[in-house]
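Worksheet: one structure, shown below.
The values are calculated or read from the model by the stated rules, or taken from the named source; none is laboratory data. This structure is a prediction, so every number in the text was calculated from the model and none was measured. All Cβ positions, even for glycine, are placed from backbone atoms using ideal geometry, and neighbour counts span all protein chains on display. Note: areas computed on protein heavy atoms with side chains; ligands, DNA, RNA excluded. Shrake-Rupley method; radii C 1.70, N 1.55, O 1.52, S 1.80 Å.
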Amino acid sequence: RQGRWLSSDGGAKDGETTHFGFKTVGVDEKAKHVHEVFSKVAERYDVMNDAMSAGMHRLWKDHLVDTLGPMRGTTIVDLAGGTGDVAFRILER
């Protein structure tokens, strides 16, 4: 099993591999693959969430923002938020 080793400059060493789904890919290729997948689903992301949750995901996101109660000047980081709709909901308040 190969792990990810970083060189002194922070980059991956040549030939190092990682996993992308069920495939083994070069560490330097993974970001490209992630970008390609996201680009393919980004336009349909919310539609897929609507279908899978019967629209409940919108209510959950509204509830999350209500619970957070963000105030002007507060720093909030939306990590792995898909299309950023939670961050946009926060900005709209």
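Taking all protein chains as shown and a probe of 1.4 angstrom, Lys23 keeps an accessible surface of around 110 Å².
Each Lys or Arg adds one and each Asp or Glu takes one away; over the other residues whose Cβ falls under 11 Å from the Cβ of Met56, this sums to 0. Charged neighbours of Val34, selected by a Cβ distance under 14 Å, balance to +1 (K, R count +1; D, E count -1). Taking Cβ atoms as reference points and 11 Å as the exclusive limit, the residues near Asp66 contribute a net charge of +2, counting Lys and Arg as +1 and Asp and Glu as -1.
When we measure straight from the Cα of Lys30, which aspartates and glutamates land under 12 angstrom away, once same-chain ones fewer than 8 places off are left out? Cross-link targets: Glu16.
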